[in-house]
Amino acid sequence: MQERKQETPLPLAGVRVVEMGQLIAGPFCGKTLGDFGAEVLKIEATGTGDPLRNWRLLKQGTSVWWQVQSRNKRSLALDLRQAEAQEIARRLIAEADVLVENFRPGTLESWGMAPEALHALNPGLVILRISGYGQTGPYRDLPGFGLIGEAMGGLRHLSAEPGRVPVRVGVSIGDTLAALHGTIGVLMALYHRKVHGGPGQVIDVALYEAVFNCMESLIPEYDACGVVRQPGGSALPGIAPSNAYPCADGWVLVAGNGDSIFRRLMTAIGREDLGGAPDLAHNAGRVARVAEIDGAIADWTRTRSVDAVVQAMAAARVPAGKVYTARDIAEDPHYAAREMLLTQHTRDGYDVRVPGIVPKLSATPGRVRASAPHLGDDTDAVLAGIGITPEQIAALRERGIVQ
């Protein structure tokens, strides 16, 4: 008889996470940890649950965004305004490896769950705290959402056409950047605990700091050169050519800013005169003549379709691409080949395509093990797991402490 091959454990199998956050930043971290095997218990408010359940487009009464953000999680509904619910949360946290929360600073403390108190219960606990401005500093108590973090971090000032109103990128990028920084912090803290025998610790992530960490040379240019970087629209200021160019049926992005790439680009558009110009051989010279170069590229692209430009650029080995819509993504063969569109069967009974899992690990790739839960789907099982009897659960439910 052939022996069944044992399935390789996911990299975070055995890690217990209590997620007390809501909406985007904390839950995105929980999703990422869950995709790679962590057991994620999401504590939600009774009655309403996470507000994300009702954000943007709904299908059968629930946000389809929820199906992405809450896969691989279990749902326990607690009214944390009540002391008995707080005690249940403490019992769960006492057995966890990680606590994720993104409330306003001081909220945990008001529930008797200050980090010092939680570490007294569970010395190895890793506590991730995501907030608008961090747990310290003069702004700590101000309300802060992702868009404010994007503005304070310097991103919104650059996200505009020159002289026009700053715009958002279309998604809550500040929250997601904070979540990813938080995930990195959790993994480092777990590694330190396991390998070096260190204690649990608090990871303090501020939304604006996560954005600011991605702002490249913004501050060094100001400090060393006195330059306040200004909005560049679709261009990349100081790097040329790299811009969006008009086509007969839309827009195309072309990045010809490498020295050899620039020469190939100019050959492809029939402008060998520019490709061979000595002063355009390097980026500094191209930046000085960027309007002329962009004009030459636009003159060539505007008489051609987006697909024709992309094909010509691929043949010339010049990075280029169209501006994808959701439909483009859903129909693209590369997305399919890379398993970046997964079909999830929801607990409401329908199938929906959702983003795949990144990063892609060769030996222990992440996977979807469970669809997003209904509110309180796992309340009884979780409470039973910490020794609460069915009769006690019924009494707690009767008093509105759990759902």
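General observations
- In segment 1-90, lysine pairs closer than 22 Å at Cα, eight or more apart or cross-chain: 6
- Between S362 and L57, the simple spin-label model (points 7 angstrom out along Cα→Cβ) gives 3.8 nm.
- The H on the amide N of E19, modeled in the peptide plane, is under 5 Å from the matching H of L41, K42, I43, V100, each at least 5 residues off or on a different chain.
- With the Kirkwood sum run over all distinct C-alpha pairs, segment 285-360 has a hydrodynamic radius of 15.8 Å.
- Gyration tensor analysis over the Cα atoms of segment 1-120 returns equivalent ellipsoid semi-axes of 27, 21, 12 Å (largest first, whole Å).
- Exposed GluC sites (Glu not before Pro) absent - longest run of the chain, DSSP non-H/G/I/E/B, at most 10 other C-beta within 10 Å: 8-215
- Positive dipole terminus of the chain, leading residue within H334, G232, I43 (C-beta point charges): H334
- For the pair T389 and S110, a Förster radius of 41 Å applied to the C-beta separation gives a FRET efficiency near 0.90, rounded to the nearest 0.05.
- Derived scalar couplings ³J(HN,Hα) [segment 102-111; Karplus, 6.51 cos²θ - 1.76 cosθ + 1.60; whole Hz; x for Gly, Pro]: 9, 7, 5, x, x, 5, 4, 4, 5, 9
- For the chain, size of Cβ-based charge dipole, Lys and Arg +1, Asp and Glu -1, in debye: 520
- Residue among L207, L128, L280 with the largest mean-square fluctuation in a Gaussian network model of the chain, springs linking Cα atoms under 10 Å: L280
- Segment 125-205: trypsin sites (Lys or Arg not before Pro) falling in loop per DSSP and having at most 14 other Cβ within 10 Å: R164
- Solvent-free Debye scattering, log10 I(q)/I(0), computed from the Cα coordinates of segment 72-231 at q = 0.15, 0.17 Å⁻¹: -0.89, -1.05
- The chain: relative contact order as a whole-number percent, Cα under 8 Å and 6+ apart: 19
- Loop sites in segment 310-340: trypsin sites (Lys or Arg not before Pro), DSSP, at most 13 other Cβ within 10 Å: R317, R338
- 5 angstrom amide H check on G132, placed H, neighbours 5+ away: G144, L207
- Positive-end residue of L218, I148, A206, charge dipole of segment 121-265 with Cβ unit charges: A206
- Solvent exposure of segment 224-344, expressed per residue, is 54 Å² of accessible area, with all protein chains present and a 1.4 angstrom probe.
- Value at 222 nm in deg cm²/dmol, rounded to 500, when DSSP H runs of n ≥ 4 in the chain each add -39,500 (n - 2.57): -10500 deg cm²/dmol
- Among R16, R369, R74, the largest mean-square fluctuation in a Gaussian network model of the chain, built with springs joining Cα atoms closer than 10 Å, belongs to R369.
- Cα-Cα P(r), the chain, percent of pairs per 10 Å interval: 4, 18, 25, 23, 16, 9, 4, 1, 0
- About the Cα centre, charge dipole magnitude for segment 211-337 (Lys/Arg +1, Asp/Glu -1 at Cβ), debye: 160
- Cut-off under 5 Å, modelled amide H: who pairs with S159 long-range: V167
- Gain in span if fully extended, E339 to L158, counting 0.36 nm per residue against the direct Cα distance: 61.9 nm
- Distribution of pairwise C-alpha distances over segment 3-68, 10 Å bins, in %: 20, 41, 26, 11, 3
- Note on segment 314-381: dipole from Cβ charges, positive end direction compared against G356, V323, Q344; the farthest Cα belongs to V323.
- Percent accessible area from carbon and sulfur atoms, segment 247-403, protein chains only, probe 1.4 Å: 55
- For the chain, DSSP calls about 45 percent of its internal beta bridges antiparallel.
- Each label was represented as a point 7 Å from its Cα along the Cα-to-Cβ direction; for C214 and V171 these points are 0.9 nm apart.
The values are calculated or read from the model by the stated rules, or taken from the named source; none is laboratory data. Because the structure is a prediction, the values reported are computed rather than measured. Here the Cβ is made from the backbone with ideal geometry for all residues, glycine too, and neighbour counts use every protein chain on show. Each accessible area value is taken on the protein alone, full model and side chains, heavy atoms only, with ligands, DNA and RNA left out. Shrake-Rupley method; radii C 1.70, N 1.55, O 1.52, S 1.80 Å.
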